[in-house]
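The values are calculated or read from the model by the stated rules, or taken from the named source; none is laboratory data. From a predicted model like this one, the values you see are computed outputs, not experimental measurements. Virtual Cβ from ideal backbone geometry, glycine too; neighbours counted across all protein chains shown.
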């Protein structure tokens, strides 16, 4: 909309950005820290190992199933109200998880945490688009990327440190002060005009199985093929009905209308493959380093840290380059670097010098860091301002769904590959990165997909 201000004035912009970064921190930290405590939780609450993994799965599935409906709701009730509601629910659910005495209570709290996290995550793209003026949007996106990367890496270390000195319950208690801090910053968030169109509850219900059952189906292929096929068929049928219904709407729950914008369509496709590659690498590489390279846990931690180091170093450089270089060229270069970095690992063996491994991991991190900022800028800046919440929800859904898809593919590789599973998992990451590269090459060949914002 033409009358919307181009970002927030100083110093309000700084307070709003800090509030957004705090919200990012709690959602990313909670996911990464709690996974470290699963063995301890299983032992204390007497939960079978096969069941305790649902403490993590329930959280992630809730997020991937609800992001798009919640972004549509946020457009109608306002981003600030959704932010307060999400932070409040996350706080209460964290207390519920911390005080849980049995598996049922803990799973219920984790689902509520996932819902609260989804209510926040669906806002991140829309908020950053309205916090920063367009000329500073790339820097805002790079700050978000650095926050996600650093908290994802620090999360397991913080979790392990807390477990050495305190109960696993403190992994959830630690969310409380961060949630309280975000409340103080809510008044600084931008005011975005609301969408007055009626909410499509039918489409909302259809979207839940589309995302949830497709991921669950992939996860079950190796262990229960019949159930997997049933889940995938139901997800496909619901998706077909949902898309057909959404195509005739102006601002649908699943924003397929935004995919008619060429830069947005390319950005979504490239992002899905890129995040699938990133998460497949995160899941497969610890096993690869342990079983193929015979690395110690310390060496594995060092190598995984170098990937995030590459992302953190490249993110501000990528922000500076955005607007100076072609978005398609930057994204293609980043995707190519990711594919090369992970692909080179498959050529190494136990006798390969550690410096070569280090270089490949840094290269992969550089590639991912170079890709994120210009791609997100194309997605968010390419849509009308009054649809920024929907674009943010699409961005978050693409990221989470891509990560879930990558994780499911690696699990399938482990199940089918047996002793070669870790190497097959790294190959999955490489193939996904190549998929992103192909989309970005097509993007570069299409001038309409690469405008300068």
Residue 434 being in contact (Cβ under 8 Å) with a residue 24 or more places away in the chain, buried (at least 20 other Cβ atoms within 10 Å of the Cβ) and outside the structural domain of residue 72 (by TED's automatic domain parsing) = no
Exception for residue 85 within (1) within 24 Å of residue 211 (Cα to Cα); (2) at pLDDT below 90 falls at (2)
Going through the stretch 215-251 in order, the residues found to be under 19 Å from residue 57 (Cβ atoms), part of a helix (DSSP H, G or I) and either in the same structural domain as residue 72 (by TED's automatic domain parsing) or touching a residue at least 40 places away in the same chain (Cβ under 8 Å) (or both) are 215, 216, 218, 219
*Return yes or no: is residue 262 surrounded by fewer than 19 Cβ atoms within 10 Å (Cβ to Cβ) and either in contact (Cβ under 8 Å) with a residue 60 or more places away in the chain or touching a strand residue (DSSP E or B) at 6+ places or on another chain (Cβ under 6 Å) (or both)?*
yes
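This table checks each residue for (1) in a helix (DSSP H, G or I); (2) surrounded by fewer than 23 Cβ atoms within 10 Å (Cβ to Cβ); (3) without any contact (Cβ under 8 Å) to a residue 60 or more places away in the chain; (4) in the same structural domain as residue 369 (by TED's automatic domain parsing).
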| position | (1), (2), (3), (4) |
| --- | --- |
| 62 | yes, yes, yes, no |
| 87 | yes, no, no, no |
| 95 | yes, yes, no, no |
| 119 | yes, no, yes, no |
| 126 | yes, no, no, no |
| 130 | yes, no, no, no |
Exception for residue 312 within (1) in contact with a helix residue (DSSP H, G or I) (Cβ under 7 Å, 6 or more places away or on another chain); (2) surrounded by fewer than 23 Cβ atoms within 10 Å (Cβ to Cβ); (3) at pLDDT 80 or above falls at (3)
Scan the stretch 265-285 and tell me whether some residue there is surrounded by fewer than 16 Cβ atoms within 10 Å (Cβ to Cβ), assigned to a helix (DSSP H, G or I), in the same structural domain as residue 398 (by TED's automatic domain parsing) and in contact (Cβ under 8 Å) with a residue 40 or more places away in the chain. no
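Conditions tested, residue by residue: (1) touching a helix residue (DSSP H, G or I) at 6+ places or on another chain (Cβ under 9 Å); (2) closer than 24 Å to residue 156 by Cα; (3) in contact (Cβ under 8 Å) with a residue 24 or more places away in the chain.
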site	(1), (2), (3)
318	yes, no, yes
321	yes, no, yes
327	yes, no, yes
330	yes, no, yes
333	yes, no, yes
337	yes, no, yes
346	yes, no, yes
353	no, no, no
358	yes, yes, yes
